[in-house]
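The values are calculated or read from the model by the stated rules, or taken from the named source; none is laboratory data. Just so we're clear, the structure is a prediction, and the values are computed from it rather than from any experiment. Cβ atoms come from the backbone with ideal geometry, glycine included; neighbour counts cover every protein chain shown. Quick note on the areas: whole protein, heavy atoms, side chains included, nothing else; ligands and nucleic acids left out. Shrake-Rupley method; radii C 1.70, N 1.55, O 1.52, S 1.80 Å.
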Amino acid sequence: MAEFVYSLTRDDYIGFEKFKLKRNKTSFFSYLMCLFFIATGVYDAVVYKNLNMIIISAVTVISLCALTLYSLKAAPEKRVKKLLSLDSAYLCQNKALINDKSIEIRNIPQENQAGTVAVYPYSIMSAIYETEEYFYFFIATEVKILPKRDIPAELFDYVKKVIAQNSNYLFIK
């Protein structure tokens, strides 16, 4: 069993929001459809000398660029700001106990806060993603974030081995 303390920061939550955006296939297909319509408009403008299609294509390109910039930069930060304003406990320290059957997370309450203990068997997790910096545990409608930087070096290999042996584990660059 591995036991250690970890803390999440605002940047950890922003990183998770960006991770979700990268994994969102609906957004990817929406961008592909927009690019298809832009290409069609440019083709129509060049072949048929249609000035209106050039203007429509240019406006679409600018709009798509603005939407992409907003969704990658501003939107994750706004969502995290709203989340953290609802409950300051998201930034408190937690203690993780990891074994081959489950992960237990105990928050370390600050003064005048209640403590919680939650045990999550790997069998109830819909997915476990590993990235360069984090482990993400998807459990029903919630996600537990475990930053690798807080796992002690002497426990890291054990933690990675235990997590990676699950059938719902996936490493993503």
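Results, tabulated for the structure shown:
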quantity	calculated
Members of the stretch 157-173 found to be more than 19 Å from the chain's Cα centre (by Cα) and of a type in the set (A, V, I, L, M, F, W, C), listed by number	V159, V162
Which numbered condition F19 misses (of (1) in a helix (DSSP H, G or I); (2) out of contact with any Ser or Thr (no Cβ under 8 Å at 6 or more places or on another chain); (3) under 30 Å from D157 (Cβ atoms); (4) open to solvent by less than 60 Å² (accessible area, probe 1.4 Å))	(2)
Exclusive hit being more than 30 Å from F28 (Cβ to Cβ) and of a type in the set (K, R), set K82, K95	K95
Test result for F4, closer than 28 Å to V119 by Cα, hydrophobic (A, V, I, L, M, F, W, C), part of a helix (DSSP H, G or I) and in contact (Cβ under 8 Å) with a residue 40 or more places away in the chain	no
When residues of the stretch 140-156 are limited to those that are charged (D, E, K, R) and touching a residue at least 40 places away in the same chain (Cβ under 8 Å), the one surrounded by the fewest Cβ atoms within 10 Å (Cβ to Cβ)	D150
Residue within the stretch 13-35 that is in contact (Cβ under 8 Å) with a residue 60 or more places away in the chain and of a type in the set (V, I, T) present	yes
Some residue of the stretch 92-110 being within 22 Å of D11 (Cα to Cα), open to solvent by 70 Å² or more (accessible area, probe 1.4 Å) and touching a residue at least 60 places away in the same chain (Cβ under 8 Å)	yes
Selection count where residues are polar (S, T, N, Q) and either open to solvent by 60 Å² or more (accessible area, probe 1.4 Å) or in contact with a strand residue (DSSP E or B) (Cβ under 9 Å, 6 or more places away or on another chain) (or both), scope the stretch 25-39	1
Exclusive hit being of a type outside the set (S, T, N, Q), in a helix (DSSP H, G or I) and surrounded by 11 or more Cβ atoms within 10 Å (Cβ to Cβ), set V119, V159	V159
Output for the stretch 125-139, where each listed residue is open to solvent by 40 Å² or more (accessible area, probe 1.4 Å), more than 21 Å from C92 (Cα to Cα) and among the acidic types (D, E)	E132
Options S88, S57; residue that is in contact with a helix residue (DSSP H, G or I) (Cβ under 7 Å, 6 or more places away or on another chain), small (G, A, S) and either surrounded by 12 or more Cβ atoms within 10 Å (Cβ to Cβ) or modelled with pLDDT under 80 (or both)	S57
